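Structure, as structure tokens:
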Amino acid sequence: MSDTIYAAHRGYSSTAPENSIPAFEEAVKHGFGAVECDVWQAREDGGGPQLMIMHDENLSRMCGVNVRITKLTKSELAEYPIIRGKNIGKYGGSLPIPTFEDYLQILETTEAIPIVEIKSREPENEENAISEETARHLTSLLYNKLPGRLAVLQSFNLHSLYRLKPFIRKNTQLLYLVKKPALIKSERLLEYKKAGIAGISAKYTILSSTSISRIHKCGCKLAVWTVDSRALARKLAAADHVEYVISNKIYK
């Protein structure tokens, strides 16, 4: 029997708008082993880091306004609800942008694993990485709500992962998000491992059974996204033994 964990990509985004409270609730209801979300730091209002959930920095695709989430405070973001996405009409045509605390609260009464993508602006360099204060705040919220829970924190920005490393517990895995084959060569994998990165979260199109085997031989864990083919999901689980399959719709 496979130990692969199926994760809901931005919540159960095949049934509710991505990264919305209903999407996270539906993911839990349908039995996903993990629930993935995307976290941005909004503009501070004097009360410390404000962590909000949204995939894109610009709100135009989901909220219909050409404004960046990083330029608004939590209270200002309340004026821009989600108005697009799967079955939005079922929820009255609009939904609030969730906070990181909202997401954690939904997972609190379940056993689902949080998979949190820490977003940052491009280029993904040290300057654009999350701050030490934000790293401390994010992990504090995580451990206060889900103490003892296995957790995954992932980012395309390695420097964000390095900032998180001093604050994580043993049951938290840092995964480097990649979509270029050059980033999963053996020498790179060993560098990540040496730096305290637990593994890779890779776009499925850059992987083969050979590269998956190489990743595991280097001692790295592997999450694969975004897999909506049941046949591919089963192969990744049964033959390749990947740790996580991230999907919009496949939960077992």
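Read-outs: derived from the displayed coordinates by stated rules, not from any lab. Values in this document were obtained by computation on a predicted structure and should not be read as measured data. We place every Cβ from the backbone using ideal geometry, glycine too, and count neighbours over all the protein chains shown.
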Of SER213, SER201, how do they rank once you tally other Cβ atoms within 10 Å and put the fewest first?
SER213, SER201
Sites SER213 and LYS252, calculated FRET efficiency, Cβ-Cβ separation with R0 25 Å, nearest 0.05
0.50
Where a ≥ b ≥ c are the square roots of the eigenvalues of the C-alpha gyration tensor, would you call segment 15-120 rounded, which needs a/c under 1.5, or, failing that, prolate if a/b is larger than b/c, or oblate?
oblate
Nonlocal amide H pairs with GLU18, under 5 Å, H built at 1.01 Å:
LYS86
Calculate one ³J(HN,Hα) per residue across segment 139-153 by plugging θ = phi - 60° into the Karplus curve 6.51 cos²θ - 1.76 cosθ + 1.60, and present them in order as whole Hz with x for glycine and proline.
5, 5, 4, 4, 6, 5, 7, 10, x, x, 7, 4, 9, 10, 10
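In debye, nearest 20: dipole of segment 5-247 around its Cα centre with unit charges on the Cβ of K, R (+) and D, E (-)? Spell out each step's value before the answer.
On the way: 32 positive and 27 negative charges, 186 e Å.
About 900 debye.
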Hey, rough spin-label estimate for LYS180 and LYS29, points 7 angstrom out along Cα→Cβ, what's it come to in nanometres?
4.1 nm
Residue-wise HN-Hα coupling along segment 175-180, computed from phi with Karplus coefficients 6.51, -1.76, 1.60 (Hz; x: Gly, Pro)
10, 8, 6, 9, 9, 10
Picking from GLU124, GLU79, GLU57, which is most flexible by a Gaussian network model of the chain using Cα springs under 10 Å?
GLU79
Near the amide H of GLU117, under 5 Å away, which other amide H atoms are found, from residues 5 or more places off or on another chain, if H is placed in the peptide plane?
CYS37, ASP38, VAL39, GLN154
Between LEU232 and ASP45, how high is the FRET efficiency from 1/(1 + (r/R0)^6) when r is the Cβ-Cβ distance and R₀ = 45 Å? Nearest 0.05.
0.55
Listed residues VAL245, TYR192, THR226: farthest to the positive end of the dipole of segment 162-252 (Cβ charges):
TYR192
Prolate/oblate/rounded label for segment 103-252 (Cα gyration tensor, a/c 1.5)
oblate
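Please arrange ASP38, ASP45 by counting, for each residue, the other beta carbons lying within 10 Å of its beta carbon, fewest first. Don't skip to the end; give the middle numbers.
Details: ASP38 20, ASP45 12.
Taking fewest neighbouring Cβ atoms as first place, the list is ASP45, ASP38.
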For segment 170-238 and segment 49-126, what is the separation of their Cα centres, given in Å?
26 Å
By its C-alpha gyration tensor, with a ≥ b ≥ c as the square roots of the eigenvalues, how is segment 75-131 shaped: rounded for a/c under 1.5, else prolate for a/b larger than b/c, else oblate?
oblate
Between SER2 and VAL65, 0.36 nm times their residue separation minus their Cα-Cα distance comes to what?
18.3 nm
Estimated [θ] at 222 nm from DSSP helical runs (n ≥ 4, -39500 (n - 2.57)) normalised by residues in the chain, nearest 500:
-8000 deg cm²/dmol
Using the charge dipole of segment 1-157 (Lys, Arg: +1 at Cβ; Asp, Glu: -1 at Cβ; taken about the Cα centre), state which of ASN125, PRO17, THR70 has its Cα farthest towards the positive end.
PRO17
Whole-Hz ³J(HN,Hα) for each residue in segment 216-225, computed from phi via Karplus 6.51 cos²θ - 1.76 cosθ + 1.60 with θ = phi - 60°, x for glycine and proline: what do you get?
5, 5, 7, x, 9, 7, 9, 10, 10, 9
